[in-house]
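Undergrad: Input: one structure, supplied below.
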Amino acid sequence: MQALQAQIKPHFLYNTLDIIKWMVLGGYYTDSVETINELSRYLRMSISKTTNIVILRDEIELGKAYVKIIQKRFPSKFGFEIDADPDTLDCLLPKFVLQPILENSLTHGLLYCDKSDLLLTIRAWISDGTLNIQIEDNGMGMTAETLQLLKSGSIESKEGYGLKNTRQRLVLFNGSDTEFNVESRFGVGTCVTLGLNAARAERRK
């Protein structure tokens with residue numbers, strides 16, 4: 001799990017530094033300083049805990065920091081909502097599970113979509129002993145052919161790699177009964193659903 005997780009961190013850092021670089025080159029100095037501050041906040045949250053397992057509350061805070069950085073680069077491009085039941089926030093899961101999925105939703109779904117009222121949403125709830133987490137966007141979506149290639153692991157790209165990595169880490173943590181489902185319709189949007197055994201991801205007391 002440590003090796004798989006380590007592959008995610010540099011990718012995010014490189015992308016964020018690239019965003020800051022273009023802000024500086026464009027003369028957006030105040031925004032670049034604010035983004036650096038947000039990146040510092042993200043890194044502090046990331047390295048403040050030595051464990052690879054965190055609570056959902058921490059993962060959501062990391063996701064909020066990441067999305068805020070992207071919103072600095074693309075102001076007014078999309079909205080962001082979180083709808084997490086309070087009883088899910090102390091559930092355990094691997095660190096950096098949400099960020100790669102959020103990145104895919106933004107890069108491939110929202111940021112280059114011309115639709116209005118674009119929205120990225122994180123939901124979390126517990127039902128029938130399962131901790132359910134959804135990351136949904138109403139952006140570009142995928143064709144049925146692309147979705148099938150993605151699910152089969154045939155797409156050799158940043159998108160396919162990020163989802164494969166995340167799925168592997170979740171299975172290592174939760175077991176083979178882990179749900180990792182991607183649904184998408186071209187022109188409508190994409191929804192990634194994670195399902196973990198709520199008892200296995202027992203909450204911190």
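The values are calculated or read from the model by the stated rules, or taken from the named source; none is laboratory data. Predicted, not measured: the structure shown is a model, and the values here were computed from it. Counting neighbours? That spans all protein chains shown, and the Cβs are built from the backbone with ideal geometry, glycine included.
Undergrad: Say whether the condition of being out of contact with any strand residue (DSSP E or B) (no Cβ under 7 Å at 6 or more places or on another chain) and more than 16 Å from residue 12 (Cβ to Cβ) is met by at least one residue in region 56-65. Please lay out each step first, then the result.
TA: Let us first name the residues in region 56-65 that are out of contact with any strand residue (DSSP E or B) (no Cβ under 7 Å at 6 or more places or on another chain), namely 57-58, 61-62, 64-65.
Going one step further and asking which of them are more than 16 Å from residue 12 (Cβ to Cβ), we end up with 57.
Yes, some residue in region 56-65 is out of contact with any strand residue (DSSP E or B) (no Cβ under 7 Å at 6 or more places or on another chain) and more than 16 Å from residue 12 (Cβ to Cβ).
Undergrad: Which of (1) at pLDDT 90 or above; (2) surrounded by 14 or more Cβ atoms within 10 Å (Cβ to Cβ); (3) under 15 Å from residue 134 (Cα atoms) is the odd one out, the single condition residue 67 does not satisfy?
TA: Of the numbered conditions (1) at pLDDT 90 or above; (2) surrounded by 14 or more Cβ atoms within 10 Å (Cβ to Cβ); (3) under 15 Å from residue 134 (Cα atoms), the odd one out for residue 67 is (3).
Undergrad: Output the residues belonging to region 90-119 that are part of a loop (DSSP other than H, G, I, E, B), buried (at least 16 other Cβ atoms within 10 Å of the Cβ) and not basic (Lys, Arg).
TA: Once the filter is applied, which keeps residues that are part of a loop (DSSP other than H, G, I, E, B), buried (at least 16 other Cβ atoms within 10 Å of the Cβ) and not basic (Lys, Arg), region 90-119 yields 91, 96, 97, 111, 113, 118.
Undergrad: Follow-up. Going through 126, 133, 122 one at a time, which residue ends up being surrounded by fewer than 22 Cβ atoms within 10 Å (Cβ to Cβ) and either within 13 Å of the chain's Cα centre (by Cα) or not small (Gly, Ala, Ser) (or both)?
TA: Numbers: 133 fails: surrounded by fewer than 22 Cβ atoms within 10 Å (Cβ to Cβ); 122 fails: surrounded by fewer than 22 Cβ atoms within 10 Å (Cβ to Cβ).
Only one candidate passes the filter, namely 126.
Undergrad: Residue 185 - would you say it is at pLDDT 90 or above, among the basic types (Lys, Arg) and buried (at least 16 other Cβ atoms within 10 Å of the Cβ)?
TA: Criteria not met by residue 185.
Undergrad: Within the bounds of region 92-99, is there any residue that is in contact with a Leu (Cβ under 9 Å, 6 or more places away or on another chain) and more than 18 Å from residue 54 (Cα to Cα)? Give the steps one after another, and end with the answer.
TA: Going residue by residue through region 92-99, those that are in contact with a Leu (Cβ under 9 Å, 6 or more places away or on another chain) are 92-99.
Remaining after also requiring more than 18 Å from residue 54 (Cα to Cα): none.
No, region 92-99 has no match at all.
Undergrad: Answer with yes or no whether residue 21 is among the charged types (D, E, K, R) and either in contact (Cβ under 8 Å) with a residue 12 or more places away in the chain or surrounded by 15 or more Cβ atoms within 10 Å (Cβ to Cβ) (or both). Reasoning before the result, please.
TA: Values: among the charged types (D, E, K, R): yes; either in contact (Cβ under 8 Å) with a residue 12 or more places away in the chain or surrounded by 15 or more Cβ atoms within 10 Å (Cβ to Cβ) (or both): no.
No.
Undergrad: For residue 40, which of the numbered conditions (1) out of contact with any strand residue (DSSP E or B) (no Cβ under 9 Å at 6 or more places or on another chain); (2) not in a helix (DSSP H, G or I) fails to hold?
TA: Residue 40 satisfies all of (1) out of contact with any strand residue (DSSP E or B) (no Cβ under 9 Å at 6 or more places or on another chain); (2) not in a helix (DSSP H, G or I) except (2).
Undergrad: Going by what's in this entry, would residue 82 be described as crowded, with 19+ Cβ neighbours inside 10 Å, touching a strand residue (DSSP E or B) at 6+ places or on another chain (Cβ under 7 Å) and in a strand (DSSP E or B)?
TA: no
Undergrad: Now, a different point. Kindly indicate which of 70, 101, 82, 47 is more than 14 Å from residue 137 (Cβ to Cβ) and of a type outside the set (D, E, K, R).
TA: None of the other options fit; the residue is 47.
Undergrad: Under the condition of being touching a helix residue (DSSP H, G or I) at 6+ places or on another chain (Cβ under 9 Å) and not in a helix (DSSP H, G or I), which residue from region 49-65 is farthest from residue 104 (Cα to Cα)?
TA: So the residue we want is 49.
Undergrad: Continuing with the same structure: Out of everything in region 24-36 that is in a helix (DSSP H, G or I) and surrounded by 12 or more Cβ atoms within 10 Å (Cβ to Cβ), what residue ends up being nearest to the chain's Cα centre (by Cα)?
TA: Among those residues, the one meeting the criterion is 35.
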